[in-house]
Amino acid sequence: MKTFSITTDRLILRPQTINDFDVWYPLYADPNIFHLANAPGFTPEEGWNRLLRNIGHWATFGYGIFSVFQKYDGRFLGETGLAHFHRSRGPDFDPFAEASWVISPSAQGRGIAQEAAIAAHQWFVDAFSPARTVCLIAKNNPASVRVAEVVGYRIYEECIYKGADCLKLVCQWENPQPAILSE
């Protein structure tokens, strides 16, 4: 796979690699990062397997999850991208690329998730011209819902996923328009 990156005003996004594990794992080891019922942080084995899954998306589909770094100092801030997670959410959800973003608590509240998600979506839409993408967000995560809405997602259904009340969101891309980041 050819290595590339996406640069925004404040961020650098690049496909995840195994070398990201040491900076990536502490984010997923934090049980406060999850908004699902009774979701503990990942063990090192679970984290390793999750990162390998993310890397595998790039080899299999040509897209996947990006690591997000702060542009001015290279600090790891989180991840974003689109992937296929096979969550068994139904024919209106499962066949489509699913958006994802997880931002370190120390980087939250500064528009980092929006900036990263918009950049990843713009790249994905330009490269793959999808008609539709989807997203699954816990109802108790309004900040993530706001990010999704800025990107262009709209809630279309509620569901239970791993014991948590969640929202299924969809973004239609028939006539893709670049999202505009507002500060």
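When ASN32 is tested against (1) at pLDDT below 95; (2) polar (S, T, N, Q); (3) surrounded by 20 or more Cβ atoms within 10 Å (Cβ to Cβ), just one condition goes unmet, and that condition is (3). Scanning region 40-54 for residues that are in a loop (DSSP other than H, G, I, E, B) and open to solvent by 80 Å² or more (accessible area, probe 1.4 Å) yields a count of 1. Figure legend. Inter-residue proximity from region 45-73: first residues in contact (Cβ under 8 Å) with a residue 60 or more places away in the chain, second residues among the hydroxyl-bearing types (Ser, Thr, Tyr), beta-carbon distance below 7 Å, spacing 6+ or different chains. Indicated pairs: PHE66/THR80; LYS71/THR7. The combined condition, being among the aliphatic types (A, V, I, L, M), farther than 27 Å from ARG132 by Cβ, in contact with a Gly (Cβ under 8 Å, 6 or more places away or on another chain) and open to solvent by less than 70 Å² (accessible area, probe 1.4 Å), is not fulfilled by ALA99. Each residue in region 102-114 was checked for being touching a residue at least 60 places away in the same chain (Cβ under 8 Å) and either within 17 Å of ALA83 (Cα to Cα) or open to solvent by 10 Å² or more (accessible area, probe 1.4 Å) (or both), and 5 of them qualify. Residues of region 35-54 that are within 19 Å of SER104 (Cα to Cα), over 16 Å from the mean Cα position of the chain (by Cα) and modelled with pLDDT of 90 or more: TRP48 alone. Every residue in region 132-143 that is open to solvent by 10 Å² or more (accessible area, probe 1.4 Å) and either modelled with pLDDT of 95 or more or β-branched (Val, Ile, Thr) (or both), please. If the condition is that a residue be open to solvent by 10 Å² or more (accessible area, probe 1.4 Å) and either modelled with pLDDT of 95 or more or β-branched (Val, Ile, Thr) (or both), then ARG132, LEU136 are the ones that fit. Being in contact with a Cys (Cβ under 9 Å, 6 or more places away or on another chain) and open to solvent by 20 Å² or more (accessible area, probe 1.4 Å) is the filter here; which residues of region 146-158 pass it? Within region 146-158, GLY152, ARG154, GLU158 meet the criteria. For region 125-138, indicate whether the set of residues that are in contact (Cβ under 8 Å) with a residue 60 or more places away in the chain and part of a helix (DSSP H, G or I) is non-empty. There is at least one residue in region 125-138 that is in contact (Cβ under 8 Å) with a residue 60 or more places away in the chain and part of a helix (DSSP H, G or I).
The values are calculated or read from the model by the stated rules, or taken from the named source; none is laboratory data. Since the structure is predicted, the reported quantities are computational estimates derived from the model, not experimental observations. Here Cβ is always computed from backbone atoms with ideal geometry, including for glycine, and neighbour counts include all displayed protein chains. Each accessible area value is taken on the protein alone, full model and side chains, heavy atoms only, with ligands, DNA and RNA left out. Shrake-Rupley method; radii C 1.70, N 1.55, O 1.52, S 1.80 Å.
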